[in-house]
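Data first, discussion second: the structure below is written as structure tokens.
No lab work stands behind these numbers, since they all come straight from the coordinates. Remember, predicted model here, so these are calculated numbers, not experimental data. Cβ: placed from backbone, ideal geometry, glycine included. Neighbour counts: every protein chain shown.
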Amino acid sequence: MKIQLNGTHLDTEHNDLAALVSALGHDADKVATAVDGLFVPRTARAQTPLHEASAVEILAPMEGG
Amino acid sequence: MPASLTSPSSKGLRLYGSEFASRFLIGSAQYPSPAILLDAIAASEASIVTVSLRREAGNSKGAHKEAGEGAGQQFWSLIQQSGARLLPNTAGCKSVKEAVNTAHMARELFSTPWIKLEVIGEDDTLQPDVFGLVEAARILCAEGFQVFPYTTDDLVVAEKLLAAGCEVLMPWGAPIGSGRGLNNPFALRALRAHFPDATLIVDAGIGLPSQAAQAMELGYDAILLNTAVAKASDPVAMATAFAQAIDAGHRAFNAGAIEPRDMACPSTPVLGSPFWHVDHD
């Protein structure tokens with residue numbers, strides 16, 4: 001399945017968001033997620049399916065003004 | 001910390017029910033190094049630091065590896081050392097949907113209901129899209145966020161933001177990063193006069209400590225800035241200079257300034273002046 005991860009193409013076999021976050025090596029508590037432009041709470045990732053062309057955002061803290 | 005800010009008679013900065021000694025909110029971007037960032041925050045005596053969100057690369061073996069991997073977590077560890085309260089922003093958002101969803105992500109990630117709400121409407125000036133801003137503020141306030149809207153100095157927009165539930169307004173002094181100071185002191189003064197009970201923070205455009213002092217002399221409650229410190233030749237020294245200027249401006253406002261006048265008014269009493277005012281026949 002081809003998805004967009006943070007604006008980049010990615011082939012993945014993971015069917016839900018929690019599995020993808022884990023497979024990418026993220027600490028689940030230290031990133032925030034969205035799929036197709038909508039926030040997905042930490043507790044809802046396992047119930048959030050990924051589809052062909054899903055646009056996934058995985059964000060972490062950064063400096064800001 | 002200046003003694004005045006800890007004296008019992010000095011009221012602190014009130015933000016959604018919390019009180020802070022410092023009236024300086026500082027940004028965490030663009031510093032020459034992480035160590036200088038921490039030193040500048042310490043020198044600023046700021047209790048509140050703004051932060052943001054970035055796309056985070058993965059850490060798995062061979063999967064989607066990029067340069068800067070784990071940078072977000074490194075920053076998170078660093079900024080926690082400052083001990084400051086964090087104010088996440090929605091920088092870069094250009095629509096209500098983006099801003100609202102970014103705010104939710106920030107709330108989960110930083111465990112705070114605070115959000116510096118930015119909805120940018122124009123790329124050259126980074127001017128807020130005030131229509132989107134008000135709409136996003138309504139949504140987020142209704143969802144329990146404590147919203148710090150980055151806005152213009154427009155009076156009607158300010159009124160709508162307050163009606164939406166914002167207790168704090170953050171009008172710009174000038175475009176972000178421009179260092180121009182207060183482009184429209186008249187409008188900022190009008191805003192202060194119309195909303196005496198709202199917490200007003202000048203956010204953006206400040207380049208010099210004197211400009212920050214000017215805003216505080218107008219009766220503003222606090223200053224939020226980033227670039228003027230981070231991009232200074234000596235950010236730590238500049239952070240100190242801003243802290244002192246903001247404190248001085250606040251003291252001056254509370255002290256009550258004189259009204260300017262066109263003609264001279266002698267400061268030395270003239271009663272009992274000696275011979276040089278006597279007519280000589």
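With an 8 Å cut-off on Cα pairs and a minimum separation of 6 or more residues, tell me the relative contact order of the range B:17-56 in percent. Write out the running numbers ahead of the final one.
Values: 32 pairs, mean separation 21.1, N = 40.
For the range B:17-56, the relative contact order is 53 percent.
If you count, for every residue in B:100-112, the Cβ atoms of partner chains within 10 Å of its Cβ, what is the mean?
If you average over the peptide's residues, the count of other-chain Cβ atoms is 5.
Net charge around B:V202, counting only other residues with Cβ within less than 11 Å of its Cβ (Lys, Arg = +1; Asp, Glu = -1)? Mind dumping the intermediate values first?
Values: positive: B:R23, B:R192; negative: B:D153, B:D203, B:D221.
Surrounding charge for B:V202 is -1.
Sequence gap at least 6, Cα distance under 8 Å: using those rules, report the relative contact order of chain B to the nearest whole percent.
Working: 498 pairs, mean separation 47.0, N = 281.
RCO, chain B: 17 percent.
In sequence order, what are the phi-derived ³J(HN,Hα) couplings for the range B:226-233 according to the Karplus relation 6.51 cos²θ - 1.76 cosθ + 1.60 with θ = phi - 60°, rounded to whole Hz, with x for glycine and proline?
9, 4, 4, 8, 4, 9, 5, 4
Beyond 30 Å, what percent of the Cα pairs of chain B remain?
On the way: 13429 of 39340 pairs.
Looking at chain B, the distances longer than 30 Å represent 34 percent of pairs.
Please work out the Cα center distance from the range B:144-177 to the range B:206-281, rounded to the nearest Å.
Computed from Cα coordinates, the inter-centre distance equals 27 Å.
Using alpha carbons only, how many angstrom separate the centre of the range A:19-65 from the centre of the range B:83-118?
Cα centroid to Cα centroid, the span is 16 Å.
Give the long-range amide H neighbours of B:D153: residues separated by 5 or more places, or on another chain, with amide H under 5 Å away, using H modelled in the peptide plane at 1.01 Å from N.
B:W172
For the range B:86-101, what does the Karplus curve 6.51 cos²θ - 1.76 cosθ + 1.60, with θ = phi - 60°, yield as ³J(HN,Hα) per residue in whole Hz, taken in order and with x for Gly and Pro?
Ordered by residue, 3J(HN,Hα) equals 9, 10, x, 10, 10, 3, x, 6, 10, 9, 4, 4, 4, 5, 5, 5 Hz.
What is the sum of charges, Lys and Arg at +1 and Asp and Glu at -1, for the other residues whose Cβ falls under 15 Å from the Cβ of B:G17? Let's see the in-between values first.
Working: positive: B:K11, B:R14, B:R85; negative: B:E19, B:E167, B:D197, B:D221.
Its environment carries a net charge of -1.
Given points 7 Å out from each Cα along the Cα-Cβ axis, report the B:Q74 to B:T125 separation in nanometres with one decimal.
Distance between the two pseudo-spin positions: 3.8 nm.
If contacts are Cα pairs under 8 angstrom and at least 6 residues apart, what is the relative contact order of the range B:134-271 in percent? Working shown, then result.
Working: 212 pairs, mean separation 24.8, N = 138.
RCO, the range B:134-271: 18 percent.
Are there any GluC sites (Glu not before Pro) in chain A that are in a DSSP loop and have at most 12 other Cβ atoms within 10 Å? List them by number.
Answer by residue number: A:E13, A:E52.
Using 31 Å as the Cα-Cα cut-off, could you pick out the over-long pairs in A:K2/B:K97; A:K30/B:K94; B:K11/B:K160; B:K94/B:K160; A:K30/B:K160?
Details: A:K2/B:K97 25 Å; A:K30/B:K94 25 Å; B:K11/B:K160 27 Å; B:K94/B:K160 19 Å; A:K30/B:K160 35 Å.
Where the Cα-Cα span goes over 31 Å, the pairs concerned are A:K30/B:K160.
Mind listing the phi-derived Karplus ³J(HN,Hα) values for the range A:15-29, rounded to whole Hz, using 6.51, -1.76 and 1.60 with θ = phi - 60°, and x for any glycine or proline?
9, 9, 5, 4, 5, 5, 4, 5, 5, 7, x, 7, 6, 4, 7
Would you kindly compute the Cα radius of gyration of the protein assembly as shown and its largest Cα-Cα separation (Dmax), both in Å?
24.1, 110
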